[in-house]
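Here's the structure, in structure tokens; my notes come after.
No lab work stands behind these numbers, since they all come straight from the coordinates. For clarity, every value in this text was computed on a predicted model and none was experimentally measured. Because the Cβ atoms are built from the backbone with ideal geometry, glycine has one as well, and the counts that use them run over all protein chains shown.
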Amino acid sequence: MRRLWPQARRRIEAGLRDLRETVHRRCASQPDRADIERLLDLAIADMRAAMDEFERPLTALLDRLDGAVPQARTGDIQQRHQVLVRLKLLLADAPRVLPDQKLVALLDANGFVSLDSGSTLRRVLHELSHQLPYLEV
């Protein structure tokens, strides 16, 4: 479970770097190159900020669940259950926290490189959700 998000994040980050490099190279002779790159950089920054906002609580909850942070061990069943419930709620709320679907669709339909960040995000959320035990929330 712990590896799913970082793998997806690395895949998306690699795609964003490829997109940035390709746009820089292919728009080098365009008179509005600076505007194009500025707008692309803003979109990429928004995407990264949204992924960071999701990643922080996800990592903290997984740390508690795994006992990776000694002071946050979840030895007793009730605490573990509470962490699992919070994880389930975070994943359910992910579409609100993760990048706006319009932004994802815009970046994915860029015309320069195949990004597929939308399908990557949906897939990782689905996989994370299915690795959690069934819980009534």
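Here are the numbers for the structure shown:
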{"read-out": "Whole-number D in µm² s⁻¹ for the chain, Kirkwood Cα-pair radius fed into Stokes-Einstein, 10 °C, 1.306 mPa s", "value": "96 µm²/s"}
{"read-out": "Dipole magnitude of region 4-131, debye to nearest 20 (Cβ charges: Lys/Arg +1, Asp/Glu -1, about Cα centre)", "value": "260 debye"}
{"read-out": "For the chain, calculated [θ]222 nm from helices alone, where every DSSP H run of n ≥ 4 adds -39500 (n - 2.57)", "value": "-25500 deg cm²/dmol"}
{"read-out": "Helix 33-66 vs. the chain, principal-axis angle (Cα, 0 to 90°, nearest 10)", "value": "10 degrees"}
{"read-out": "Cα→Cβ-extended label distance, 7 Å offset, between Arg123 and Arg38, nm", "value": "3.6 nm"}
